[in-house]
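Written below as structure tokens is the structure these notes are about.
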Amino acid sequence: MTISLTVNGSPVELADGTTVAALVEQRTSGHDRVAVARNGDVVPRSSWATTELAPGDRLEVLAPTAGG
Amino acid sequence: MEEDHELTEELAPALEQEEAADPFTLGGETFTSRLILGTGGLPSLEVLERVVRASGTQLVTVALRRVEAAAGSAMLEVLDRCGVRLLPNTAGCQTAREAVLTAKLSREAFGTDWVKLEVIGDDRTLLPDAVELLDAAEQLVADGFTVLAYTTDDPILGRRLADVGCAAVMPLGAPIGSGLGIRNPYNIALLREEVSVPVVLDAGIGTASDAALAMELGCDAVLLASAVTRAREPVQMALAMRQAVEGGRLARGAGRIPRRWLAEASTSMQGLPEL
């Protein structure tokens, strides 16, 4: 079973039951200071492992960059 | 580049001593450097490190972007090594909702509740949207953030931002990245009189004299990015900005002479020979 959702603006298929922690692991090798928004709300790091993704979710996985 | 490095090493001790004699408090923290540096636009991490060191800055702005487009850990390692404090921005946000969410995400990622709050009205001018800005500032202060608000040079809006609890008011001299300097020195001076929190001139600085003018007008610090990062020699310009900020600060304290319409001789006319 897979679910369809949007990650950083692109449509993706993920295994049902995928957690935010698993998604972050998949997307952010080499980034330790990462933040995740799900459907317009912050997902605190403390709940990444217990937050399962749902069909139609909009995820933003963000990392530090240079800026003014 | 090597020469810049040597010059930095040579001048740093004297500049540090000068800066240390005149610290300022921002968000409950004490800083000796009055130059806040943006990191956007540099060609490499090596240049970033040299620029940060040459500027003497203790506070640098950073941003959050989608992980595929982000510089990530390597940049933060450089900044950590330089011992600077991070100031996440909300660059690109056009509504209070976006800015508040970005600030909360930054708090998660960077572990700081400091935020340079930017809420812009359009992409062409990048000018602040006053209504959204004030709304976002109020929400973030209520949520415990230390808000440094990027704003227009409107003294009344500056006062409103201070009234809702912003830790600093940061008026623009001119649009972001324009390098047009301080278009309305009068408003900056007036804003300085209006608020009791630190005033940081943010945006528009093109060269060292602009930074000096900001300090002469009474600003407590200067925030700049493009003027250094897009200069032909960024390290040299960082050093120039450091000295300009310090020079402007000293001049402000020293008290400039009043402007006069006509000349006033500094050489005495007494004893002038008849030749």
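The values are calculated or read from the model by the stated rules, or taken from the named source; none is laboratory data. Everything quoted here is computed from the prediction, not taken from an experiment. Cβ: placed from backbone, ideal geometry, glycine included. Neighbour counts: every protein chain shown. What goes into the accessible areas is simple: the full protein's heavy atoms, side chains included, and nothing from ligands, DNA or RNA. Shrake-Rupley method; radii C 1.70, N 1.55, O 1.52, S 1.80 Å.
Do me a favour and compute the ellipsoid semi-axes for segment B:108-149 from its Cα gyration tensor, root of five times each eigenvalue, largest one first, whole Å.
They are 21, 13, 7 Å, listed largest first.
What's the local net charge at A:ILE3, with K and R +1, D and E -1, over the other residues with C-beta under 12 Å away?
-4
Hand me the trypsin sites (Lys or Arg not before Pro) from segment B:150-236 located in a DSSP loop with no more than 13 other Cβ atoms within 10 Å, in residue order please.
B:ARG232
Please compute one quarter of the surface area of the Cα convex hull for segment B:20-167 and express it in square nanometres.
Quarter of the Cα hull surface area: 9.4 nm².
Please give the peptides A:48-55, B:198-205, B:173-180, B:240-247 ranked by average Cβ packing (other Cβ atoms within 10 Å per residue), highest first, as a rough proxy for protection.
Packing proxy ranking, top to bottom: B:198-205, B:240-247, B:173-180, A:48-55.
Normalised by the number of residues in chain B, what is the relative contact order in percent for Cα pairs under 8 Å and 6+ residues apart?
Answer for chain B is 17 percent.
Taking Cα pairs under 8 Å and at least six residues apart, what relative contact order does segment B:21-180 come out at, in percent?
Over segment B:21-180, the number comes to 16 percent.
Roughly what angle does helix B:130-142 make with the longest principal axis of chain B, taking Cα atoms, 0 to 90 degrees, to the nearest 10?
Between helix and principal axis, roughly 70 degrees.
Quick one: what do you get for segment B:139-189 if you divide its Cα Rg by 2.2 N^0.38 Å?
The reported ratio for this selection is 1.23.
Need one word for chain B: rounded, prolate or oblate. Basis is the Cα gyration tensor (sqrt eigenvalues a ≥ b ≥ c); a/c below 1.5 gives rounded, then a/b vs b/c decides.
oblate
Compute the whole-percent fraction of alpha carbon pairs in chain A spaced more than 16 Å apart.
43
Normalised by the number of residues in chain A, what is the relative contact order in percent for Cα pairs under 8 Å and 6+ residues apart?
Once normalised by length, the contact order is 42 percent.
For every other residue with a beta carbon closer than 14 angstrom to the beta carbon of B:PRO155, add +1 if it is Lys or Arg and -1 if Asp or Glu, then tell me the sum.
-2
Between segment B:118-184 and segment A:24-68, how far is it from one alpha carbon centroid to the other, in angstrom?
So the separation of the two Cα centres works out to 28 Å.
Rounded to the nearest 10 degrees, what's the angle between the helix B:234-254 long axis and the longest principal axis of chain B, both from Cα atoms, 0 to 90?
Between helix and principal axis, roughly 60 degrees.
With a sphere of radius 12 Å drawn around the Cβ of B:GLY204, what net charge do the other residues whose Cβ falls strictly inside it have (Lys, Arg +1; Asp, Glu -1)?
-2
Can you give me the accessible area per residue for chain B, using a 1.4 Å probe, in Å²?
Heavy-atom SASA per residue in chain B reads 47 Å².
What total accessible surface area, summed over both chains, is buried at the interface between chains B and A, computed with a 1.4 Å probe and given in Å² to the nearest 100?
2300
Take peptide B:73-86, look around each residue's Cβ out to 10 angstrom, count Cβ atoms belonging to other protein chains, and average those counts.
2
Of the accessible area of the protein assembly as shown, with the probe set at 1.4 angstrom, what percent is carbon plus sulfur?
Whole-percent figure for carbon plus sulfur exposure: 49.
Using the Kirkwood radius built from alpha carbon pairs, what does the Stokes-Einstein equation give as D for segment B:45-96 at 25 °C and 0.890 mPa s, in µm² per second?
203
Give, to the nearest whole percent, the P(r) tail of the protein assembly as shown beyond 30 angstrom, counting all Cα pairs.
Tail fraction, whole percent: 40.
Each residue of segment B:152-159 in turn: what ³J(HN,Hα) in whole Hz from Karplus with 6.51, -1.76, 1.60 and θ = phi - 60°, glycine and Pro shown as x?
Rounded to whole hertz, the list is 6, 8, 6, x, 6, 5, x, 5.
Which value does Rg/Rh take for segment B:87-126 over its C-alpha atoms, Rh per Kirkwood?
1.00
Average partner chain C-beta neighbours within 10 Å, per residue of A:37-44?
The mean count of partner-chain Cβ atoms within 10 Å per residue comes to 3.
Treating only the Cα positions of segment B:119-243 as identical point scatterers, give the base-10 log of I(q)/I(0) from the Debye formula at each q in 0.11, 0.16, 0.18 Å⁻¹.
Result of the Debye calculation: -0.35, -0.73, -0.90.
Please list, in order along segment A:56-68, the HN-Hα scalar couplings obtained from phi with the Karplus expression 6.51 cos²θ - 1.76 cosθ + 1.60 (θ = phi - 60°), rounded to whole Hz, x for Gly and Pro.
Result, ordered by residue: x, 4, 10, 10, 10, 10, 10, 9, x, 8, 6, x, x Hz.
Using alpha carbons only, how many degrees (0 to 90, rounded to 10) separate the axis of helix B:2-20 from the longest principal axis of chain B?
Taking Cα atoms only, the helix is inclined about 80 degrees.
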